[in-house]
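The values are calculated or read from the model by the stated rules, or taken from the named source; none is laboratory data. These figures come from a predicted structure and were not determined experimentally. Heads up, the Cβs are rebuilt from the backbone with ideal geometry, glycines too, and the neighbour counts pull from every protein chain shown. Just the protein is used for accessible areas: all its heavy atoms, side chains included, with ligands, DNA and RNA removed. Shrake-Rupley method; radii C 1.70, N 1.55, O 1.52, S 1.80 Å.
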Amino acid sequence: MNIGLVIGRVIATRKDERLVGTKLLITHPIDLEGKLCGQPLVTVDTVGAGIGEKVIYVSGSMAARAIYQKEAPVDAAIVGIIDHIESQKPED
């Protein structure tokens, strides 16, 4: 699982029929301190996330399992909305 920040929404009037009814969001990976890292990706929202929220997302085969429509062409899916992150830096 990964953490990210929802930074936008994708509207696609024409898409694979197995994606009809899904909400596509642009999610930017973040580190534990909330800093953007990596490249943004399009994710299928399964939990009702919105722009500006920190989320948990999965990718690969786990993403396809997260949505109801089996065999849908999904690479990444949001599976949780983060309320708070607590972390402690490891000691050197």
_Any hit, the range 41-49, residues being surrounded by fewer than 16 Cβ atoms within 10 Å (Cβ to Cβ) and touching a Lys or Arg at 6+ places or on another chain (Cβ under 9 Å)_ = yes
*Residue check: is Lys89 open to solvent by 50 Å² or more (accessible area, probe 1.4 Å) and more than 14 Å from the chain's Cα centre (by Cα)?*
yes
*asked:* Residue under question is Glu71, and the condition is that it be more than 18 Å from Arg9 (Cβ to Cβ), free of Cβ contacts under 8 Å to residues at least 12 places away in the same chain and of a type outside the set (Val, Ile, Thr); does it hold?
replied: no
*Filter the range 37-58 down to residues that are in contact (Cβ under 8 Å) with a residue 40 or more places away in the chain, under 13 Å from Met1 (Cβ atoms) and either of a type in the set (Val, Ile, Thr) or assigned to a loop (DSSP other than H, G, I, E, B) (or both), then give me how many there are.*
3
*Among what's in the range 59-84 and is modelled with pLDDT of 90 or more, over 12 Å from Val44 (Cα atoms) and assigned to a loop (DSSP other than H, G, I, E, B), pick the residue that is most open to solvent (accessible area, probe 1.4 Å).*
Asp83
*When the range 18-39 is examined, which residues are found to be open to solvent by less than 60 Å² (accessible area, probe 1.4 Å) and in contact with a His (Cβ under 9 Å, 6 or more places away or on another chain)?*
Cys37, Gly38
